[in-house]
Amino acid sequence: MSRMNKIRVILPTYNEKENLKLLIPELFNIFRENNLDADVLIVDDNSPDGTADFVETISKTYPIKLIKRECKMGLGSAYILGFKESIKDGVNIVFEMDADLSHKPEYVIHFIEKINQGFDMVIGEREKIVGWSIYRKMISRTGNLIGRYLAGIKISDLTTGYRAYRKDVLKNIDLDKIESNGYAFQLETLYRGIAGGFKVGSIPIIFYDRQNGKSKLSKWDMLEFLILAIKIRLGLMNV
């Protein structure tokens, strides 16, 4: 692929060293097998497990860019920083992906195919979730139902974190206006993309619960999501 089709996967990390040992080789195998001009940007929040040190070592083998932050600052701010860096680096297609092995790298090519069909933003809709408890599935299902009703967005999986954006989306939604930093970040970026007139598509994915480490979803994340959905309903979002 030419420079105009440069692809980047952004991985926010906090204590993900063990998962990255498996994920990074898998990702770059997919890039190589499909002849993709792709790299990885890791935004690490000062992980005490040595994630950043591991990334610095493995970056001698793979084209990986590392941004180290001084403390745990949240998912949304990590992605915004990664988006801005990717725009500056001339990346054409930017991916969000969890670093905990929940998102399988083989779907990357399906996202790209969908974007090549004319979509500006593509989300990975979780048609099946492997490893979650009934309670966790209910939280996710309820959150999506509430979000669709309040925000008026007719997409079944508002909170999925596996996504791809054309650079024009990220350049035009005004990243500095994004208010959410946790679970709600996914809803807000989707809302801003739609409000900006961009074409949103989806592909079905199977989501796998993390094998190493702990989930970072908190009660505050759920509350922030609800507050954001209400603000969208009431027309209080500054887009």
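If the condition is being free of Cβ contacts under 8 Å to residues at least 12 places away in the same chain and either surrounded by 14 or more Cβ atoms within 10 Å (Cβ to Cβ) or within 19 Å of Y162 (Cα to Cα) (or both), then region 57-89 contributes only S59. Scanning region 190-216 for residues that are closer than 29 Å to K21 by Cβ and crowded, with 16+ Cβ neighbours inside 10 Å yields I203, I205, F207, Y208, R210, G213, K216.
Yes/no per residue for (1) farther than 21 Å from D44 by Cα; (2) touching a helix residue (DSSP H, G or I) at 6+ places or on another chain (Cβ under 8 Å); (3) of a type in the set (D, E):
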residue: G76; (1), (2), (3): no, yes, no
residue: E85; (1), (2), (3): no, no, yes
residue: D89; (1), (2), (3): no, no, yes
residue: A99; (1), (2), (3): no, yes, no
residue: N144; (1), (2), (3): yes, no, no
residue: G147; (1), (2), (3): yes, yes, no
residue: Y162; (1), (2), (3): no, yes, no
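The residues on offer are G197, G235, and the sole one that is modelled with pLDDT of 95 or more, part of a loop (DSSP other than H, G, I, E, B) and either in contact with a Leu (Cβ under 9 Å, 6 or more places away or on another chain) or over 14 Å from I139 (Cβ atoms) (or both) is G197.
The values are calculated or read from the model by the stated rules, or taken from the named source; none is laboratory data. Treat the numbers as computed from the prediction; the structure is a model and nothing was measured. FYI the Cβ positions are ideal-geometry reconstructions off the backbone, even for glycines, and counts take in every protein chain you see.
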